[in-house]
């Protein structure tokens, strides 16, 4: 969901109605979505001012993660972005669930909270200030993410189908942003968390698309993932994301369209 991109959606006409299995049988009325996150313990120590963790070369107190390394500014920026981006997903799903009362939103919002917690563990570990200074639903430090949240909610309140489409697009772009962040780091602990979150986003995308196609009878067309990458995700099944997931590649590259130009 990095803001430098255009948001578009289209649902192509078709006869396919897909029923996905995610820890149980999908129906148009209910589904089971298991929360997912990277395996994390309590933070093992902090660095100084967001510039790494030189005082903690080992992994005391945090056996669930590899030893901490050091982080450069790009890695810091990615961690800050992903922490609030996961909050956008959580808050959009919580808000849309209030309107539509769909179990897919209730379940995945809980998983997004776990994603937020996983990223907070990394921020604490590297001594980086948390950008989530107010955890109130709909409140963001980054003004672009604030605007994005507002717009996504407005779109999702238009109809149940629009709400499910919003969910699918959020997960597509989360996957691409995580792949970009993965490419920007060689720290094993950060990679483990990012890969776990991406595995979770794969599960979430399957959930939203399955529900959307089951209720509309139309085929969802990926908006940001390359078709091959999207097909690979959809061919999979719910995955235990504790240790990350294999990388696919196949995104559409970096996004350079200003936020102001995105449209639905």
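One decimal place: the segment residue 237-residue 154 gains 26.8 nm when fully extended, by the rule 0.36 nm per residue minus the C-alpha distance. At the listed q of 0.19, 0.20, 0.32, 0.33 Å⁻¹, the Debye profile of the stretch 160-210, built from one uniform point per Cα, gives log10 I(q)/I(0) equal to -0.60, -0.64, -1.13, -1.16.
Taking other Cβ atoms within 10 Å as a rough exposure proxy, 123, 176, 157, 197 sort from fewest to most as 157, 123, 176, 197. Rounded to 0.05, the FRET efficiency of the residue 73 and residue 106 pair, given R0 = 41 Å and the Cβ-Cβ distance, is 0.65. Summarising the label geometry, the points placed 7 Å from Cα in the beta-carbon direction at residue 183 and residue 99 lie 3.4 nm from one another.
By the beta-carbon count within 10 Å of each Cβ, the least crowded to most crowded order of 140, 105, fewest first, is 140, 105.
Only the coordinates and a few stated rules stand behind these numbers; no lab work does. What you are looking at is a predicted structure, and each value in this text was computed from that prediction instead of being measured. With ideal geometry, Cβ positions are generated from the backbone for all residues, glycine too; neighbour counts draw on all protein chains shown.
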